[in-house]
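Here is the structure we will look at, set down as structure tokens.
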Amino acid sequence: MTDHLYRGRSTRDWQAADAAHFLHPFTDFKALAARGARIVTRGEGIYLWDSEGQRILDAMSGLWCVNVGYGQQPLIDAATRQLQELPFYNSFFQTSTPPAIELAELLAQLAPPQFQHFFFAGSGSESNDTVVRMVRRYWALMGQPQRQVIISRWNGYHGSTMAGASLGGMRGMHEQGGLPIPGIVHIEQPHWWEHGRRLGLSREDFGLQAARWLEDKILEIGAENVAAFIGEPVQGAGGVIVPPDSYWPEIQRICDRYGILLVSDEVICGFGRTGQWFGCERFGTKPDLITFAKGVTSGYVPLGGVMVGQRVAEALIEKGGEFTHGYTYSGHPVACAVGVANLNLIRELKLVERVREETGPYMAELYGQIAEHPLVGEVQTCGLMGALTLVRDKGTNEPFAPELDIAMVCRGHCFGNGLIMRAVGERMIVAPPLVITRAQLDEMAALIRHCLDLTLADAQRNGWL
Ligand code: PXG
């Protein structure tokens, strides 16, 4: 480490203060304190710089959110202007602010046509808490208050609040805090590599099978007790699990058949990630509710929300009376002003079209080449999301022993070589900013190959193969 200074303090100094006072999310505090956090100081386009001056290609868009890349002036200007004019006012007591109205109006243009109403929150987790309240309120208003149960998937991710973590299917999260809360049940995920391959099914047959696990669960609980089904179009935090194309249409058919609300959690898939404005459009569903966050502001400021489809909106508005739910920051004017600037920029730069027609297909091509690497069992991409599965034996697809944590070894090489790629189980995943160019995708693919080569060399040297 050099004695590079940032704001007059050395990296070691920042790390010591970080360890002394800052409790990081999803972190083993003691282990991080021992190793020291990487201090990220600056961003431009698809690149970050740390306090040692190292440049890093951010292939995770911050945390699946910085879709327009770092340093976009229109977003900075929108925030500055709004901070000067009106940094905050609430929307509780028969008041409203222009940015919140404008954002709702713009979303009504961009969202699928059944969505004309929008409820704002501060994050994806809060938005999913709103979904639970709203879904149960809907059924109470429809005279079926016993419809309480929400079905979701194992290995889905819906946030970290009590309701978000309950909807999510991360067992490690349920173990801490007595979760899930009552009335939330899980079915198995549509993960062909994990389940379909073992069942000996083709991808498309497996997609139908996985959707029918929903029908089995509905029949087990009794359709009259089931309120909604929630899922991410592509599971992000679970490892970029792209479902077979047969899956979502069958889920839609089952929800329709039993009158169950369909909720699409688009916190990651929304706003162009899949090559459509929303993942439900890519996979052919017509959800009743959509959860959004992250990409709505490209992460420049926190904002989330729920798109409320006609069926639910009509009940809430016409039969509802007061909906006793909301957050201080519902419709925060600065966040909404940045949201408007961000969505306008995505439109101007034609980023959704670019992902669909150019960069998405090009990344798929590059991943097709990465699939040849001796450590790679399978690759999957959808728009600008990509995953590769590490295997010990490419012939049999036998995995590495779990205790080797091979993906973390690979992640270590990424960290050291200026690439941010996430490790999830045996999968290495990316979701680069939507502004990434073909040349930058080449650079990303070359870094991925280099890190795979270094991981392979470790495996050979240590006798793991
Ligand atoms: N739904 C989905 C689909 C998400 O991906 C949330 C809800 C919750 O959003 P907030 O804003 O409350 O964090 C998310 C968040 C990871 C990772 O490791 C992914 C998320 C958050 C933190 C880590 O991939 N997604």
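Dividing the mean sequence gap of close Cα pairs (under 8 Å, 6+ apart) by how many residues the range 73-348 holds gives a relative contact order of 29 percent.
Per-residue 3J(HN,Hα) values for the range 257-267, derived from phi via the Karplus relation 6.51 cos²θ - 1.76 cosθ + 1.60 with θ = phi - 60°, read 4, 9, x, 8, 5, 10, 10, 9, 7, 9, 4 Hz in sequence order (x marks Gly and Pro).
Run the helix sum for the chain: -39,500 (n - 2.57) per DSSP H stretch of 4+ residues, divided by residue count, reported at 222 nm to the nearest 500 deg cm²/dmol.
Details: 17 runs with 183 residues, N = 465.
Only helices count here, giving -12000 deg cm²/dmol.
When the charge dipole of the range 73-348 is built from unit charges on Cβ atoms (+1 for Lys and Arg, -1 for Asp and Glu) and taken about the Cα centre, the candidate among Gly305, Ser202, Gln116 whose Cα reaches farthest toward its positive end is Ser202. Quick one: Cα centre-to-centre distance for the range 318-389 and the range 216-294, in angstrom? The range 318-389 and the range 216-294 have Cα centres spaced 16 Å from each other.
Remark: the range 73-348 carries a charge dipole of roughly 260 debye about the Cα centre, counting +1 on each Lys and Arg Cβ and -1 on each Asp and Glu Cβ. Computed from the alpha carbon positions, the gyration tensor of the chain leads to an equivalent ellipsoid with semi-axes of 35, 29, 21 Å, biggest first.
Packing, taken as the mean count of other beta carbons within 10 Å per residue, orders the peptides 457-465, 57-65, 437-445 from highest to lowest as 57-65, 437-445, 457-465. Charge dipole of the range 194-302 (Cα centre as origin; +1 on each Lys and Arg Cβ, -1 on each Asp and Glu Cβ, all else neutral): 280 debye, rounded to the nearest 20.
The peptide list 406-415, 300-309, 346-355, 13-22, put in order of mean Cβ contacts within 10 Å with the highest first, becomes 300-309, 406-415, 346-355, 13-22.
A simple spin-label model places pseudo-atoms 7 Å from Cα toward Cβ; at Phe88 and Asp216 they are separated by 4.9 nm.
The label-point distance for Asn344 and Gln310, in a model that sets each label 7 Å from Cα toward Cβ, rounds to 3.0 nm. In the range 1-80, inverting the average of 1/r over every pair of distinct C-alpha atoms gives 14.3 Å as the Kirkwood radius. Given +1 at the Cβ of Lys and Arg, -1 at the Cβ of Asp and Glu and no other charges, the dipole of the chain around its Cα centre is 360 debye to the nearest 20. P(r) tail for the range 73-348: Cα pairs beyond 33 Å make up 20% of the total.
Taken together, the values in this text are just the output of simple stated rules run on the coordinates, not laboratory data. Predicted model, so just to flag it, every value in this text is computed and none were measured. Heads up, the Cβs are rebuilt from the backbone with ideal geometry, glycines too, and the neighbour counts pull from every protein chain shown.
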